[in-house]
Ligand code: AMP
Ligand code: FE
Ligand code: FE
Ligand code: ZN
């Protein structure tokens, strides 16, 4: 059964802060979300929950319900895939250990990216990327920022196209765990594993069906049906996939920074009918518009 969605609810279950590669601090992100009319938000930084404490304090002040979130990097058939974890226990010891492992691997990967991009002749690349990341472990967007600053490329898109994107020298995948392991971590912490932005992996429809089936067999529970930058055709395809695999449906903007008109907090295409929303399965199910 699908419960009709409350028009007063505005649910965004995928976004980023300065704790990973977002432009806004967790508190500033929450403030913006409130301005955008978001009622329920999951902050899902890449491989870290370091922003959740600050976000939680800000959310309480703004009357937003914050759902624990994270976006974990993993591998499926040698491709990098993102799995969003929602509504988990952030204190669960094995989950925390897994996040520490991801962080260690991110540092090892950052060093490897520097080695691979050494030929560009940028002095102190790791130091500069770390500065771009605010002192935390740098991700590819931070390397892109340094490449732009050094005049090697014109913009981030070009940095990814030439040096950091899929199959390029700075695309180092070797450090990520396999998909089932990541799903296992989330389930072990009592959370819900969501296959993030399925249309972003540039997979054929057949491969995407295969990925979704493997994800479900590994214990995955939901897929992101509605996310920014999708066509209505994508939305229909993902809704069908969601129904076929009997998965829960999630939605999120994947907001990283202000100023991109195609991506704003809480601005998400309405989910097609006949899907079971993931938020009905939260420990405190979101069924009405009344925040606690
Ligand atoms: P990482 O987790 O360090 O591998 O970085 C992945 C992040 O890089 C994604 O979440 C996006 O924010 C960003 N990204 C990936 N591809 C591109 C691209 N082509 N242009 C700009 N940003 C990108
Ligand atoms: Fe990102
Ligand atoms: Fe992602
Ligand atoms: Zn994301």
Check: Does residue 70 meet the test of being within 11 Å of ligand 4 (Cβ to nearest atom), modelled with pLDDT of 95 or more and either within 19 Å of residue 278 (Cβ to Cβ) or surrounded by fewer than 19 Cβ atoms within 10 Å (Cβ to Cβ) (or both)?
Finding: yes
Next item on the list: State all residues of the range 114-142 that are within 21 Å of the chain's Cα centre (by Cα) and in contact (Cβ under 8 Å) with a residue 24 or more places away in the chain; if no residue qualifies, say none.
Entry: 133, 134, 136, 137, 138, 139, 140, 141, 142
Next item on the list: Within the range 11-38, work out how many residues are away from ligand 2 (no atom under 15 Å from the Cβ), surrounded by fewer than 22 Cβ atoms within 10 Å (Cβ to Cβ) and part of a loop (DSSP other than H, G, I, E, B).
Entry: 3
Check: Say we look at the range 239-250 and pick out the residues that are over 14 Å from residue 213 (Cβ atoms) and in contact with a helix residue (DSSP H, G or I) (Cβ under 8 Å, 6 or more places away or on another chain); which of these is nearest to ligand 4 (Cβ to nearest atom)?
Finding: 250
Notebook entry, point to check: Looking at the range 265-274, which of its residues are out of contact with any helix residue (DSSP H, G or I) (no Cβ under 6 Å at 6 or more places or on another chain) and crowded, with 18+ Cβ neighbours inside 10 Å?
Noted result: 266, 268, 271
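The values are calculated or read from the model by the stated rules, or taken from the named source; none is laboratory data. Just so it is clear, the structure is predicted and the values come from calculations on it, not from any experiment. All Cβ positions, glycine included, derive from the backbone under ideal geometry; neighbour counts span all protein chains shown.
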